[in-house]
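None of the figures in this text is laboratory data; all of them are computed from the coordinates on show. Because the structure is a prediction, the values reported are computed rather than measured. Cβ sites come from the backbone with ideal geometry, for glycine too, and all protein chains shown count toward neighbours.
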Amino acid sequence: MKHSSCSRDTHLHWAKIPIEDALQTIESGKRPKGGVKDIREGVPSIGGEHLTVDGGFDFTNTRFVPFEFYSKMNKGKIDQNDVLVVKDGATTGKTAFVSDKFPFKEAVVNEHVFILRTNINVLIPRFLFYWMQSEEGQDLVRRHFRGAAQGGITTDFVREPVLPLPPLAEQRRIVARLEEHMEHVKSIRLPCIESVNQTELALKSLSSNLIEKDVRWGTVKDIVAQHKGAVRSGPFGSQLHHDEFVTSGIVAIGTRDVQVDELLLKSGWYVTFEKFKKFERYKVFPGDLLCTIVGASIGRFCAVPENFPLAFTTKHIQALTLNQKVANPAFISFMLNFNTRCRISIFNQVEGSAQPSLNAEKILAAEIPIPSIEEQCRIVKLIDNVRSQLHLLKNHCIEIDEKSSLLESAILKQAFEGKLVPQDPNDEAASVLLERLK
């Protein structure tokens with residue numbers, strides 16, 4: 001890119017330039033018309049959700065574009081050493097680096113991610129990556145963020161002359177030292193993360209390990225209350241529209257609220273009491289079992305806690321009132337979420353469908369262990385004890401992560417103030433790099 005403007009920094013041999021002056025390209029990709037949700041193979045398509053806060057990637061939910069579509073793309077193809085930056089939405093500015101460990105030979109970004117590809121004769125890619133992760137780099141993003149609901153940045157952000165440009169040799173020394181420090185920070189975080197993961201696995205394994213081999217198995221139908229309305233879902237169709245939701249009132253439970261073994265107020269859906277009167281048949285009660293029945297969240301179960309506010313289900317939630325003389329709601333929810341036999345029983349009924357879904361009949365047919373109510377209560381107490389330990393451990397990890405983030409910020413600040421590595425007066429001056437940009 002053509003050199004536009006620069007300023008001298010106070011550091012020996014340093015200048016400040018617009019990022020674009022040191023780039024080969026800044027570009028984003030695209031997706032086929034209609035999106036990529038139902039495409040199961042092809043070339044991986046990287047969106048903002050695939051970038052992690054530590055500069056890596058999470059491919060748990062990989063998306064694809066067809067090979068033919070990829071072959072016709074002129075922009076958005078990922079190369080090794082590219083710096084990727086989320087360009088819009090809640091995670092605008094999140095940055096990742098495409099190292100030699102990137103698992104795909106061919107991949108693209110979608111329209112929500114920028115590729116920043118540097119001129120390696122002027123700017124080392126990892127130097128740019130670390131600078132984008134620094135407070136100074138994120139400040140640049142914040143200054144250029146525009147919009148509210150789905151705001152973001154445009155290519156304008158690379159035109160402000162704020163990128164420090166040390167000599168190439170010094171860039172290499174800075175990157176090398178940063179790599180050492182970041183590995184150390186990672187080693188501080190890792191044991192805590194591993195402890196949480198191991199505890200979560202141990203918690204899930206209780207769904208099998210605590211069930212005796214000779215325990216009686218039945219179906220969900222065997223433990224549901226026998227009164228009318230014990231099994232219900234809705235309201236449907238025109239009975240309730242999104243524009244009828246208000247900011248406070250009676251809770252309308254949606255799929256975002258029904259998490260794995262936990263009921264949370266995430267949807268933010270409420271109706272007036274007058275509107276609720278029309279939906280009283282869908283009211284939920286403490287101890288009810290709720291299940292998500294369509295979409296990506298299908299098959300999540302939770303029990304309604306004792307202190308939950310007045311609420312009713314919406315159309316994508318199945319509610320079941322249990323016979324609590326034979327079924328502890330917390331035990332049943334835990335088993336349906338984590339026990340392997342239960343999960344297989346549930347999902348064998350939805351496989352092969354064009355639009356996978358559950359309904360009352362399928363849920364009632366799901367297999368479930370039914371030990372005595374006393375044994376169920378004992379198991380729930382054990383589960384609660386492990387959950388308490390896990391909660392304390394997660395809080396400890398949050399503290400460690402916050403302190404580690406502060407340490408990272410301090411290290412990056414030192415690096416880009418020229419204080420992390422010694423400067424060498426024999427290094428080729430940044431002015432030589434600037435000449436290459438002309």
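The simple spin-label model puts a point 7 Å past each Cα toward its Cβ; for R40 and D214 those points are separated by 4.4 nm.
Using modelled amide H (1.01 Å from N, peptide plane; none on Pro or chain starts), what sits under 5 Å from the amide H of N323, excluding residues fewer than 5 places away? Those qualifying (amide H under 5 Å, at least 5 residues apart or on another chain) are V224, A225.
Partner lysines whose Cα lies under 19 Å from the Cα of K33, excluding those fewer than 8 positions away in the same chain, are identified as K72, K75, K77.
Do any trypsin sites (Lys or Arg not before Pro) in region 381-434 lie in a DSSP loop with no more than 15 other beta carbon atoms within 10 Å, and if so, which?
K419
Estimated from helical segments only, the mean residue ellipticity of the chain at 222 nm is -11000 deg cm²/dmol, where each DSSP H run of four or more residues counts as -39500 (n - 2.57). Relative intensity of region 358-438 on a log10 scale, I(q)/I(0) at q = 0.12, 0.17, 0.26 Å⁻¹, equals -0.71, -0.94, -1.14, per a Debye sum over C-alpha point scatterers of equal strength in the absence of solvent. The Cβ shell under 14 Å around H181 holds other residues with a net charge of +2, Lys and Arg each +1, Asp and Glu each -1.
May I ask for the net charge around V65, where only other residues with Cβ less than 14 Å from the Cβ of V65 are counted and Lys, Arg are +1 while Asp, Glu are -1? Around V65, the surrounding residues sum to +4.
Post the alpha-carbon centroid distance, region 302-363 to region 75-141, in whole angstrom. Region 302-363 and region 75-141 have Cα centres spaced 42 Å from each other. Looking at T314, G268, V224, which one has the Cα that reaches farthest to the positive end of the dipole of region 216-370 (charges on Cβ: Lys, Arg +1; Asp, Glu -1)? Most positive-ward Cα: V224. When region 142-214 is described by a simple charge dipole with +1 on each Lys and Arg Cβ and -1 on each Asp and Glu Cβ, the residue from N209, I174, P191 located farthest towards its positive end is I174.
By definition, a body whose alpha carbon gyration tensor gives a ≥ b ≥ c is prolate when a/c is 1.5 or more and a/b is larger than b/c, and region 1-165 fits this prolate description.
Note on region 1-157: dipole from Cβ charges, positive end direction compared against S45, M132, F59; the farthest Cα belongs to S45. The overall shape of region 273-315, judged from the alpha-carbon gyration tensor, is oblate: a/c is not under 1.5, and a/b is no greater than b/c.
Residues R189, R143, ranked from the fewest to the most other C-beta atoms within 10 Å, line up as R143, R189. Shape analysis of region 216-370 based on the Cα gyration tensor places the equivalent ellipsoid semi-axes at 25, 17, 13 Å, largest first.
For region 388-438, a crude dipole built from +1 on the beta carbon of Lys and Arg and -1 on the beta carbon of Asp and Glu, taken about the Cα centre, is about 140 debye to the nearest 20.
Counted over the chain, the DSSP beta bridges are approximately 90% antiparallel. Fewest-first ordering of I346, I298 by other beta carbons within 10 Å of each residue's beta carbon gives I298, I346. From least to most packed, judged by other beta carbons within 10 angstrom and beginning with the fewest, V380, V224 follow the order V380, V224.
Placing unit charges on the Cβ atoms only, positive for Lys and Arg and negative for Asp and Glu, gives the chain a dipole magnitude near 1180 debye about its Cα centre. Other residues lying with their Cβ under 15 Å from the Cβ of H391 contribute a combined charge of -3, Lys and Arg counting +1, Asp and Glu -1. Kirkwood analysis of the Cα pair distances in the chain returns a hydrodynamic radius of 25.6 Å.
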